[in-house]
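Asker: Could you have a look at this structure, given as structure tokens, before my questions?
The values are calculated or read from the model by the stated rules, or taken from the named source; none is laboratory data. As the structure is a prediction and not an experimental result, all values here were calculated from the model. Here the Cβ positions follow ideal geometry from the backbone for every residue, glycine too, while neighbour counts run over all protein chains shown. When the accessible area is computed, the model is the full protein with side chains, heavy atoms only, and any ligands, DNA or RNA have been set aside. Shrake-Rupley method; radii C 1.70, N 1.55, O 1.52, S 1.80 Å.
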Amino acid sequence: MKSSIWLSTFAAVLVWMVPSGLAYAHGFGERYDLPVPLEYYLLGSAAAILLSFVVIGAFVRARPEQVPYWRWNLLDVKLAAWVISSNSIKHTIQLISALSMFLVIATGMLGNQNPGMNLAPTFVWVIWWVGLVFAIAAIGNFWLLVNPWSILFEWGEYCYGYFKPGRRVWFGYDYPRSLGVWPSLGFFMCFAWFENVSPGASLPSVISAMVIAYSVITWAGMVFFGREIWLCYGEVFSVIFGFFARLAPTELRVANTSYCGKCLVGCNPQGTGCINCHPCWLMADEASRQLNMRPFAIGLIEQGDESSSRLALVVAVLATVTFDGFKETPIWVGINGDLWSQLHRVFEDNTSLMIDTVSLLFAPVMFIVLFTFFSILMSWTSGGQAGIIRLMAVFAYSLLPIALAYHVAHFLTLLVIQGQLIIPLASDPFGYDWDLFGTSGYRVNIGLIDARFAWFLGVSAIVLGHIVAVYIAHMIALRVFDNRQQAIRSQYPMLGLMVLYTVVSLWIIAQPMVE
Amino acid sequence: MQLFVTMIKVVFITAAMSVVLFALACGGSEPKNIYFNIRVTEGHSDLPEMLANKSDTIFIKITADTEGKVHLHGYDIELDIQPGTVASMEFEGVLEGRFNLTFHGDQIGDSHDSNDGHGGNEIIVSTLVVNPG
């Protein structure tokens, strides 16, 4: 009863924020995608399964070797080294990022509230949330550079240091490490709720309010516990983009583990140094710093923090990515409708909100149950050597390629088509009929990607993601298990889970998208 | 190293297969004229889905029992409609995809372009599915 009062209040606040009459504005975020035909879906599933066995076969035949993966230090190229160490380039990029955040807040609060005519929804949902995830997985973790909350806090600290030299903006509390990334998980579920369930997600003023709220929370966390610590454990996007950065073909490496001992954050150094650890990078001397090119996805194998909180967050990301697609399928719309008619008498106006919220929370739970089941099988087939939770914590990363591939398949057309809105919006971000760059009359070209190309791209991406996942899981197994036989046997259940995940992902893109 | 080479081979085979299948699939069918009649009564339509192929010439005739506007999304064709009259659209299926045909009662006075949003009271009358030719 209490929770429904709380939920009603929250819903009422959101409804108050919604300008009357605009329950759903189709101009923004509308999708015209054709579902992938049955033949493609079947072929894709078959290919995924077949090629998995090719990969496994290769592992069975190969000689066991502990070779560190191929790396090439970009900083050996003088121009690259100069660009990386250039403060003027760094500050310019950071200024642009910080100003972008202010622009999003300003346009959201003050601009035209029609989502298709305001910069905030397109910038946040298409360019940032979809585009940045793709870019980070494809290039590297440049979120470390452009995170506006980190940038502004750092500048604030610098100014503070002017008046109080040597002092940091920090109340001096130690972040309890046992808390792990649970705060980030909490923030992520709120974000996922906002993105998938909330009726106000595409409304500019609501987006502004959320950005402001999150800024306050983030800066409070930084003031209490210290900037770098908060970024590592409590700033949800840093943590999640960090997951996707493991797929990227570049890494920041500090090749000298003596820095890691002094690192506030407690990064996990391996023999040859630590990877993508920002505090160590800042401390390290030029000679120890490397910006390495590396094989795609190899970073998923790297030993990381094997805590249950991190496992939970990875699972939450995997589950919500899939749920986001599933909630647009006719089957879900049908189930939702049935539930609605059953529960309408109890929850009245809040029924839809309740059903969607509970199902959003249910998705990671279902995922964990499935994953636990397959992990128990994994432990059993490998002789019961490793603990179940530990197995789940290390192997969860191997599922990220499938999630990212599904993300590509599902959102590429959104990025290419709705993303074009950034062109007229650049000239008229507030929707006040400005024309700063002469592009405000640009009309989105829906025919830019034809259906067959989108189908091939989607199915190929998912099949490729699947194969990469199988490969990565095998590599992790070789690291985790003493015995090669055990390692390979442990992967059969994992293959079962991956085939399931891949087929479900393919199934989702074969469904017509229902509003 | 051997494993890695195998992985590269598998990735390459997948990519090659995709490209080959993609090239093979690009056939074409004869463009033709295709006709649809929709009747909207009390907010419900008698034709939920319209199937066409790319490059077909599509004719849609709509009648409704109340006054309002019909809008074909994607193609962005909008027509006024009154009870007793027939609203007609004729266009070439240049865009592939699923496009909603919506109807809304005459309550909105603001200007309309493809990036605009509509007020409430908009219903999806039918979906035009344009498949690759």
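Asker: Using a Förster distance of 35 angstrom, determine the FRET efficiency expected from the C-beta separation of A:L377 and B:N37, and round it to 0.05.
Answerer: 0.05
Asker: State whether region A:338-467 is rounded, prolate or oblate according to the following rule on the C-alpha gyration tensor (a ≥ b ≥ c being the square roots of its eigenvalues): a/c under 1.5 gives rounded; otherwise a/b larger than b/c gives prolate, and the remaining case gives oblate.
Answerer: Oblate is the answer for region A:338-467, as a/c is 1.5 or above yet b/c matches or exceeds a/b.
Asker: Could you put A:Y471, A:Y69, A:Y492 in order of accessible surface area, largest first, with the 1.4 Å probe and the full protein assembly present?
Answerer: Sorted descending by solvent-accessible area, the residues read A:Y492, A:Y69, A:Y471.
Asker: Mind listing which trypsin sites (Lys or Arg not before Pro) in region A:119-206 are in a DSSP loop and have 10 or fewer other Cβ atoms within 10 Å?
Answerer: Hits after loop and neighbour filter: A:R167.
Asker: Can you give the accessible area of A:M210, probe radius 1.4 Å, in Å² rounded to 10?
Answerer: Surface accessible to solvent at A:M210 totals approximately 70 Å².
Asker: Let me ask something additional. Tally Lys and Arg at +1 and Asp and Glu at -1 over the other residues with C-beta under 11 Å from the C-beta of A:G226: what net charge comes out?
Answerer: Charge balance in the 11 Å sphere: -1.
Asker: Sticking with the crude label model, points 7 Å out along Cα→Cβ, report the distance from A:W507 to A:D305 in nm, one decimal please.
Answerer: 3.5
Asker: Right, next: Please compute the contact order of region A:178-278 in relative form: average sequence separation of alpha-carbon pairs under 8 Å and at least six residues apart, divided by the residue count, as a percent.
Answerer: In percent, rounded to a whole number, it is 23.
Asker: Roughly how much accessible area, to the nearest 100 Å², goes out of reach of solvent when B and A pair up, both sides summed, probe 1.4 Å?
Answerer: That pair hides around 3400 Å² of surface in total.
Asker: Calculated FRET efficiency, A:F102 and B:L79, Cβ-Cβ r, R0 56 Å, to nearest 0.05?
Answerer: 0.85
Asker: Would you work out the relative contact order for region A:242-368, in percent, from Cα pairs under 8 angstrom that are 6 or more residues apart?
Answerer: 24
Asker: Given the -39500 (n - 2.57) contribution per DSSP H run of 4+ residues, what per-residue ellipticity at 222 nm results for the protein assembly as shown, rounded to the nearest 500 deg cm²/dmol?
Answerer: Helix-only estimate at 222 nm: -17500 deg cm²/dmol.
Asker: So, one more: Taking 0.36 nm per residue of sequence separation and subtracting the Cα-Cα distance, how much length would be gained by fully extending the chain between A:S85 and A:W434, in nm to one decimal?
Answerer: Computed gain between A:S85 and A:W434 is 121.8 nm.
Asker: Per residue, how many Å² of accessible area does the protein assembly as shown show with a 1.4 Å probe?
Answerer: Here the per-residue accessible area is 45 Å².
Asker: Please identify the helices of chain A, taking whole runs of DSSP H, that span at least 15 Å along their own axis as judged from the Cα atoms and have a mean Kyte-Doolittle score of 0.5 or higher.
Answerer: Membrane-span-like by this criterion, though nothing is claimed about a membrane: A:2-17, A:38-61, A:87-110, A:182-196, A:204-225, A:308-326, A:351-381, A:400-417, A:451-480, A:484-509.
Asker: Go ahead and run the numbers for FRET between A:F453 and A:L50, Cβ-Cβ distance against an R0 of 22 Å, rounding to 0.05.
Answerer: So the FRET efficiency works out to roughly 0.40.
Asker: Subtracting the Cα-Cα distance from 0.36 nm times the residue separation, let me have the gained length for A:N336 to A:E348 in nm, one decimal.
Answerer: Here the segment from A:N336 to A:E348 would lengthen by 2.9 nm.
Asker: Also: Taking the Cα centre of the protein assembly as shown as origin, work out the dipole magnitude from +1 charges on Lys and Arg Cβ and -1 charges on Asp and Glu Cβ, in debye rounded to 20.
Answerer: Computed charge dipole of the protein assembly as shown: roughly 3160 debye.
Asker: Just to verify a number: what accessible area does B:S18 come out at with the full protein assembly present, 1.4 Å probe, Å² rounded to tens?
Answerer: Result for B:S18: roughly 20 Å² accessible.
Asker: Charges on Cβ only, +1 for Lys and Arg, -1 for Asp and Glu, centred on the Cα centroid of the protein assembly as shown; of A:A284, A:Q94, A:W455, which one is farthest towards the dipole's positive end?
Answerer: Ranked along the dipole, the leading option is A:A284.
Asker: With an 8 Å cut-off on Cα pairs and a minimum separation of 6 or more residues, tell me the relative contact order of chain A in percent.
Answerer: In percent, rounded to a whole number, it is 23.
Asker: Starting at 0 and stepping by 20 Å, how many percent of the alpha carbon pairs of the protein assembly as shown end up in each bin?
Answerer: 16, 49, 30, 4, 0
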